[in-house]
1. Roughly what percent of Cα-Cα pairs across the chain reach past 24 Å?
2. Would you mind computing, in nm to one decimal, how far apart the modelled labels at Gln127 and Gln59 are, each placed 7 Å from Cα along Cα→Cβ?
3. Across the Cα atoms of the range 120-272, what radius of gyration and what greatest pairwise Cα-Cα distance (Dmax) are found, in Å?
4. Just subtract the alpha-carbon distance of Val188 and Glu215 from 0.36 nm times their residue separation and send over the number in nm, one decimal.
5. With all distinct Cα pairs included, what does the Kirkwood hydrodynamic radius of the range 109-189 come out to in Å, to one decimal, could you say?
6. Sorted by mean Cβ packing within 10 Å, highest first, what order do the peptides 107-114, 267-274 take?
7. Given bins 5 angstrom wide, list per bin the percent of all Cα-Cα distances in the range 17-178, short to long.
8. Fewest Cβ neighbours within 10 Å first, please rank Ser222, Ser121 accordingly.
Amino acid sequence: MSYAIEAKHYDSVTPQKVAFIGLGVMGYPMAGHLAQAGHQVTVYNRNQARAQQWSTQFQQEWACTPAQAAAQAQVVMACVGNDDDLRAVFLGPDGALAGMKAGSLFIDHTTASAQVARELSAIAADQHVSFIDAPISGGQAGAQKGMLSIMCGGQEKDMERARPLMMSYAQACTLMGPTGSGQLCKMVNQIAVVGLLQGLAEAMAFGEQAGLDMERALSVLSKGAAGSWQMDTKGPTMLARDFQPGFTVNWMLKDLDLVAQEALRNGAQLPATRLIQEQFAKIAAQGHQNLDISALFTLLAHSRDAG
Ligand SMILES: NC(=O)c1ccc[n+]([C@@H]2O[C@H](COP(=O)([O-])OP(=O)(O)OC[C@H]3O[C@@H](n4cnc5c(N)ncnc54)[C@H](OP(=O)(O)O)[C@@H]3O)[C@@H](O)[C@H]2O)c1
């Protein structure tokens, strides 16, 4: 895992006491940007060695539990794996909520369900703590550059406090509606991403089979109607058979499961998304769940090339 974060111009804001829980691929650089922007940051990570490493790198504090990290904070952020991980760091005697003061704010950057956002927001409200669900898009590179896109659910009065902090690691930060709306918007994002990626993988495999110089093809196609962020970033890595994450197949399976459950509730038809979900399940069944999602290409590429 790379621990670097890139330099960024930060808006001048009043320094705040914040806590950050979950120093993974995304959380580590996000918390780093908060520290670089001048905030007083206390971090918690389940694996303490990573918390200590972050603390040394950014000259800030680390804590042994989420509750301890949150104890002095005006705002607490989290970026962990899934619904259960979020409950684990938020609830219980050592959870963040136990340490949070009335009037403080919890911002959740985990990609989780809209229901868990509503459930935890209601529990937080009983303790006069505000809650924003704020899943992120932009990948590891976006986190390292501090250029994420953040889709939020909650109340505007809380966004006014949250926005200046989140902008230290984002380039866009939008309130979509009430609690859960950020997670619903992230599901929209994932449906669009997998469609683009499967289309790109099929296009790259077809071009190779047809004997085209696909690097040359990418350079012209990227400037036409098929051009996209996926084509620019994943087209070359597919051709190079480089499937290092990035964003793993495992995480995408989790996200597509959230999408499928929500579609059952709202009646949306997702025929292509369901097929692509099966493709990801095949990759995971081959033991490649920790590859980048562009590994969709491995199911299509000519066997002599498949890595
Ligand atoms: N990676 C991406 O490109 C990307 C992009 C957009 C959104 N996301 C979403 O962002 C979230 C984090 O992704 P990531 O790539 O940063 O994941 P990651 O590298 O696996 O990091 C997960 C973090 O959560 C912590 N964690 C997990 N379960 C926990 C638990 N039960 N109790 C305490 N801590 C726990 C882990 O602690 P340990 O270090 O102790 O394991 C680690 O700090 C996920 O919801 C993912 O879907 C990721």
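1. The share of Cα pairs beyond 24 Å in the chain comes to 54 percent.
2. Going from the Gln127 label point to the Gln59 one covers 3.3 nm.
3. Final numbers for Rg and Dmax: 18.6, 64 Å.
4. 6.7 nm
5. 12.5
6. Taking the mean over residues of other Cβ atoms within 10 Å, the ranking is 107-114, 267-274.
7. P(r) over the range 17-178, rounded to whole percents: 2, 10, 21, 25, 23, 14, 4, 0.
8. Lowest to highest Cβ neighbour count: Ser222, Ser121.
Values in this text are rule-based calculations from the coordinates and carry no lab data. From a predicted model like this one, the values you see are computed outputs, not experimental measurements. Please note: Cβ atoms are built from the backbone with ideal geometry, for glycine as well, and neighbour counts cover all protein chains shown.
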